[in-house]
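Since the structure comes first, as structure tokens, the remarks are kept for the end.
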Amino acid sequence: MNITKEKVDDLNAIIKVKLDQADYQENVDKVLKDYRRKANVPGFRKGHVPMSIIKKQVGPSIVVDEINKVLSESLHQYIQDEKLDILGNPLPKLDEQDKIDWNNQTDFEFNYEVGLAPQFDLKISDKYKFDYYKIKVADKDVDKYVTDVAKRYGKMINPDAAQEDDMLYGKFEELDGKGNVLEGGRSHTSVIILKAVTDKKLQKSLVGAKAGDTFDLDPKSVSEHESDQAAAIGVSVAELKSIISKFRFTVEKINRIVPADLNQELFDKVYGPGAVKDEAAFRAKIADELSRGLSVDADRKLKADIQEELLKKLKLDLPNAFLKRWIKASNEKPITDEQIEAEYDEYAKGLKWQLIENKIIQDNNVKVSHEEVVEHTKGLLAQQMAGMGLPQTDDNELTDTAHRVLQNEEEARNIYMMMYENKLMTLYKNTFKLKEKAVSYDEFVKIAYNQK
């Protein structure tokens with residue numbers, strides 16, 4: 001076997017693999033012998049079919065299979081040994097393979113196109129300057145969150161007449177073209193959330209509704225979301241699109257959530273016994289939680305700014321033509337050239353940033369150990385249990401649960417990625433020069449989305 005690399009340019013190359021019969025024949029002979037041992041051919045005892053017949057029946061296909069195995073293994077090993085930083089996977093030049101005579105050839109040459117990652121240097125330092133936004137928690141945000149928490153732990157009552165924050169529980173019945181209930185039509189019991197109704201005239205008429213009252217309405221007006229509209233009348237979103245009928249809604253009862261009192265019972269339910277002693281401490285803890293949540297938004301904005309700056313500075317080139325061919329060849333479902341062109345710029349941007357981050361990780365020796373992942377997972381589990389009001393478990397049981405979670409490859413991959421993200425953000429904050437700017441949340445939204 002002989003494998004060589006022919007450089008096309010800095011981002012493209014051809015890998016040539018030459019095979020002679022000795023490279024694959026031993027494997028072919030083993031497979032043929034095994035096939036002969038198991039073959040059932042009329043007129044011959046099992047295991048005694050002449051090899052000439054076996055070769056005629058399956059010889060060429062076995063040669064193809066074994067050569068493909070040898071090619072796959074040797075290509076992979078060559079790329080590793082030569083430390084080639086490739087993008088995607090090698091693409092065989094199919095036009096050349098079409099000319100192969102599998103029945104008579106014994107020596108073969110295969111050519112593979114490969115796309116190479118761009119080589120670049122990047123030194124991160126305080127020469128890079130970025131704004132870092134400290135988002136202030138407004139009193140109105142704390143008030144809203146306190147109200148939401150009080151409602152979440154509140155109780156349900158059934159008053160006689162509806163108010164604008166209530167829910168109406170009742171029956172939807174499909175109407176015919178004359179405004180009568182359609183015999184055999186759709187019928188479903190569900191709720192209408194008054195605040196969600198998009199038809200303001202209808203919303204106003206529902207205030208004051210009592211049990212037994214009826215309203216003829218378009219089900220698409222009960223919410224702006226199609227999933228809610230479909231759920232109201234008991235159909236799928238796909239079915240909803242074909243429904244043009246109006247429905248009669250008959251109120252059966254009014255549901256109203258009475259918020260819980262801001263007292264020690266509520267504080268203990270939310271944060272655990274004795275963790276918060278009074279309303280001032282309760283509001284302070286909520287403000288702290290909101291602030292930590294907003295810091296995630298600030299970090300996300302910082303990362304976006306870093307990404308934009310480094311992409312602009314490095315101006316990385318990619319083997320675009322190769323990558324477009326590879327996307328088309330490797331896609332599970334058929335994809336058109338037009339679809340690839342429409343989405344390629346965003347794909348290329350993501351790939352360039354991935355290359356940059358990998359370079360930063362390598363140059364700055366950023367690592368995440370298994371032990372760190374286990375401890376982080378334990379922290380996530382403990383936080384989850386506390387949020388559900390469950391008692392804290394002992395460390396050994398928590399460790400065992402964390403190991404079980406990490407046996408799920410997708411869960412483990414997500415946690416590893418999260419920890420790398422966290423370590424990279426810490427590196428960025430400690431390395432780049434950041435200018436802190438205090439802004440309100442509304443100001444931050446305008447900045448983040450480039451609003452004037």
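The values are calculated or read from the model by the stated rules, or taken from the named source; none is laboratory data. For clarity, every value in this text was computed on a predicted model and none was experimentally measured. Cβ placement follows ideal geometry from the backbone for every residue including glycine, while neighbour counts extend to all protein chains displayed.
Just a few scattered comments:
- Test result for Lys55, on the phi < 0 side of the Ramachandran plot and basic (Lys, Arg): yes
Yes or no, residue by residue, for (1) among the small types (Gly, Ala, Ser); (2) touching a helix residue (DSSP H, G or I) at 6+ places or on another chain (Cβ under 7 Å); (3) over 19 Å from Asp107 (Cβ atoms):
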{"position": "Val17", "(1), (2), (3)": "no, yes, no"}
{"position": "Gln21", "(1), (2), (3)": "no, no, no"}
{"position": "Lys30", "(1), (2), (3)": "no, no, yes"}
{"position": "Asp34", "(1), (2), (3)": "no, no, yes"}
{"position": "Val41", "(1), (2), (3)": "no, yes, yes"}
{"position": "Ile53", "(1), (2), (3)": "no, no, yes"}
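- Residues (assigned to a loop (DSSP other than H, G, I, E, B) and among the aromatic types (Phe, Trp, Tyr)) located in segment 18-45: Tyr24, Phe44
- Residue in segment 305-314 that is under 25 Å from Lys136 (Cβ atoms) and either among the small types (Gly, Ala, Ser) or in contact (Cβ under 8 Å) with a residue 12 or more places away in the chain (or both) present: yes
- Criterion applied to Ile15, Ile79 was being surrounded by 16 or more Cβ atoms within 10 Å (Cβ to Cβ) and assigned to a strand (DSSP E or B), and the one residue passing it is Ile15.
- Of the numbered criteria (1) modelled with pLDDT under 95; (2) in contact with a Lys or Arg (Cβ under 6 Å, 6 or more places away or on another chain); (3) not charged (D, E, K, R), the one Ser236 fails is (2).
- Filtered residues of segment 261-288 (kept if of a type in the set (A, V, I, L, M) and within 19 Å of Lys140 (Cα to Cα)): Leu262, Ala280, Ala281, Ala284, Ile286, Ala287
- Any hit, segment 255-264, residues being under 30 Å from Val181 (Cα atoms), outside any loop (DSSP other than H, G, I, E, B) and touching a residue at least 24 places away in the same chain (Cβ under 8 Å): yes
- For segment 226-239, the set of residues classified as assigned to a helix (DSSP H, G or I) and over 25 Å from the mean Cα position of the chain (by Cα) consists of Gln229, Ala230, Ala231, Ala232, Ile233, Glu239, listed by residue number.
- Test: residue in segment 85-98 that is in a helix (DSSP H, G or I) and either of a type in the set (Val, Ile, Thr) or buried (at least 17 other Cβ atoms within 10 Å of the Cβ) (or both): no
- If the condition is being in contact (Cβ under 8 Å) with a residue 60 or more places away in the chain and part of a loop (DSSP other than H, G, I, E, B), then segment 103-121 contributes Thr106, Asp107, Ala117, Pro118, Gln119, Phe120.
- Condition met for Lys359 (at pLDDT 95 or above and over 22 Å from the mean Cα position of the chain (by Cα)): yes
- Test for Lys352: is it closer than 22 Å to Thr431 by Cα and modelled with pLDDT of 95 or more: yes
- Members of segment 158-213 that are farther than 15 Å from Ile254 by Cβ, under 37 Å from the mean Cα position of the chain (by Cα) and in a loop (DSSP other than H, G, I, E, B): Arg186, Thr198, Asp199
- Test for Asp95: is it closer than 27 Å to Leu11 by Cα, charged (D, E, K, R) and within 36 Å of the chain's Cα centre (by Cα): no
- Residue within segment 240-252 that is part of a loop (DSSP other than H, G, I, E, B) and under 26 Å from Tyr153 (Cα atoms) present: no
- Residue check: Lys352 meets all listed conditions (1) part of a helix (DSSP H, G or I); (2) more than 30 Å from Glu308 (Cβ to Cβ) but one, namely (2).
- Checked against the criterion of being touching a residue at least 40 places away in the same chain (Cβ under 8 Å), over 30 Å from Asp317 (Cβ atoms) and aliphatic (A, V, I, L, M), the candidates Ile62, Ile100, Ile124, Ile67 yield just one match: Ile67.
- Meets criteria (of a type in the set (D, E, K, R), surrounded by fewer than 15 Cβ atoms within 10 Å (Cβ to Cβ), over 47 Å from the mean Cα position of the chain (by Cα) and at pLDDT below 90) for Lys33: yes
- Pair list, Cβ under 9 Å, 6 or more apart: segment 195-208 residue free of Cβ contacts under 8 Å to residues at least 60 places away in the same chain and over 11 Å from Gln163 (Cα atoms), other residue loosely packed, with under 12 Cβ neighbours inside 10 Å and of a type in the set (Asp, Glu): Ala196/Glu224; Thr198/Glu224
- Selection from segment 167-184 of residues that are in contact (Cβ under 8 Å) with a residue 24 or more places away in the chain and loosely packed, with under 13 Cβ neighbours inside 10 Å: Asp176, Gly179
- Qualifying position, being within 31 Å of the chain's Cα centre (by Cα), outside the structural domain of Ser440 (by TED's automatic domain parsing) and of a type in the set (Ser, Thr, Tyr), among Ser291, Ser223, Ser295: Ser223
- Segment 413-438 residues that are more than 17 Å from Ile124 (Cα to Cα) and touching a residue at least 12 places away in the same chain (Cβ under 8 Å), paired with ones that are part of a helix (DSSP H, G or I) and hydroxyl-bearing (Ser, Thr, Tyr) (beta carbon under 9 Å, 6 or more apart): Ile415/Thr377
- The helices (runs of 4 or more DSSP H) falling completely within segment 395-452 that include 2 or more residues that are closer than 26 Å to Val142 by Cα map to 441-448.
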